[in-house]
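Chemist: Below is one structure. I have some questions about it.
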Ligand SMILES: [Zn+2]
Ligand SMILES: [Zn+2]
């Protein structure tokens, strides 16, 4: 299943079929530790933590670039291998840039002909938390 995403849709398969949710402003990105602000892009992911020896899973935000560094950081030379601090958002942004350069197209720009993101929305509020 696709993870819900927030912010403006970007050019990656991970958001192609994903549901857009309101940006969790004020929440903390679990990768870089920075606060999510309006205008950020990212995903919600299930994160498991040990709390009093019990595994507690919760949905937490991660910036789009912070998610990307885990996937493409090594390939793009921003990795522990090259002595980089991969936990910083600056490093994540560098990977985002390099991936865009490598593809010849900025990740932030959706290709023409991509699916319209504005699907008609149901007017009734979502109720079930068991979706997805
Ligand atoms: Zn982050
Ligand atoms: Zn590496």
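Since every read-out is calculated from the coordinates, none of them should be taken as a lab result. Please read these numbers as outputs of a predicted model, since none were measured by experiment. With ideal geometry, Cβ positions are generated from the backbone for all residues, glycine too; neighbour counts draw on all protein chains shown.
Chemist: If you go through the range 67-97 one residue at a time, how many are within 16 Å of ligand 2 (Cβ to nearest atom) and either under 21 Å from residue 20 (Cα atoms) or free of Cβ contacts under 8 Å to residues at least 24 places away in the same chain (or both)?
Modeler: Filtering the range 67-97 for residues within 16 Å of ligand 2 (Cβ to nearest atom) gives 68-88, 91-92, 94-95.
Checking the rest, the ones that are also either under 21 Å from residue 20 (Cα atoms) or free of Cβ contacts under 8 Å to residues at least 24 places away in the same chain (or both) come to 68, 71, 73-75, 77-86, 91, 94.
Number of matching residues: 17.
Chemist: Further question: For the range 50-70, which positions are within 16 Å of ligand 1 (Cβ to nearest atom) and assigned to a strand (DSSP E or B)?
Modeler: Residues of the range 50-70 within 16 Å of ligand 1 (Cβ to nearest atom): 59-70.
Listed by number, the residues that qualify are 59, 60, 61, 62, 63.
Chemist: Taking the condition of being within 16 Å of ligand 1 (Cβ to nearest atom) and surrounded by fewer than 19 Cβ atoms within 10 Å (Cβ to Cβ), how many residues in the range 25-49 meet it?
Modeler: Of the residues in that region, 13 qualify.
Chemist: Just for the range 75-99: of the residues that are assigned to a helix (DSSP H, G or I) and touching a helix residue (DSSP H, G or I) at 6+ places or on another chain (Cβ under 7 Å), which one is farthest from residue 35 (Cα to Cα)? Write out each step before concluding.
Modeler: The initial filter retains those residues of the range 75-99 that are assigned to a helix (DSSP H, G or I), namely 80-82, 89-99.
Narrowing the set further to residues that are touching a helix residue (DSSP H, G or I) at 6+ places or on another chain (Cβ under 7 Å) leaves 89, 91-93, 95-96, 99.
Details: 89: 11, 91: 16, 92: 15, 93: 15, 95: 20, 96: 19, 99: 24 Å.
It comes out as 99.
Chemist: Continuing with the same structure: Quick check on the range 1-24: of everything there that is within 14 Å of ligand 1 (Cβ to nearest atom) and part of a loop (DSSP other than H, G, I, E, B), which residue is surrounded by the most Cβ atoms within 10 Å (Cβ to Cβ)?
Modeler: For the range 1-24, the residue satisfying everything is 7.
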